[in-house]
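Below is one structure, written out as structure tokens, with a few remarks after it.
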Amino acid sequence: MEKVSRLEFLKKLGFGGAALMATLCVAGLGTSSCKSNSASTSAGSKDFTLDLNQSAYADLKIVGKFMVVQDVVIACTAAGTYAAVTVICSHEGKKQVGYRESQKDFYCTAHGAVYDQQGKGKSGPSSGGLRVYNTSLTGNNLRIYS
Ligand code: FES
């Protein structure tokens, strides 16, 4: 009987390219290019300031509203108070995290992961958390930084 490696076996089954990579990742046989939960939570450091007087950021003056700027979900959680987390979900890395005023939490619309305002996983498929950014409001300038 011919001995073949797992990779050769999958190739013989007709898996190739992206399908092969997806199979390897799902099967835990992956390479360093496979996404892991820990890798997907590591968004880059940030430091930017938004002028809330600009119409583009007007929603951020309304309690319960949120915006995504530079891959950061910025939510106005109370008058003059903000929470900021990465938009990249720690489950499968989709950029679908938003803020829910009704629950006062962050929620990923892809598969339903829920995070508290400190980025800690509350429920859903993700066991990881979200990267949290600092916020600082000075006048109408809202700074988001690592
Ligand atoms: S990618 Fe967010 S819950 Fe799956």
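Just so it is clear, none of the values below were taken in a lab; they were calculated from the coordinates. This structure is a prediction, so every number in the text was calculated from the model and none was measured. We place every Cβ from the backbone using ideal geometry, glycine too, and count neighbours over all the protein chains shown.
List of remarks:
- For peptides 92-104, 125-137, sequence by mean Cβ density within 10 Å, most packed first: 125-137, 92-104
- Segment 39-146 - charge dipole about Cα centre, Lys and Arg +1 at Cβ, Asp and Glu -1, debye rounded to 20: 120
- Inter-probe distance in nm under a simple model that places probes 7 Å from Cα toward Cβ, at LYS122 and SER102: 1.3
- Calculated FRET value between ASN140 and THR109, using beta carbons and R₀ = 30 Å, to 0.05: 0.50
- For segment 38-145, the fraction of C-alpha pairs more than 21 angstrom apart is 28%.
- Per-peptide average of other Cβ atoms within 10 Å, ordering 63-71, 49-57 highest first: 63-71, 49-57
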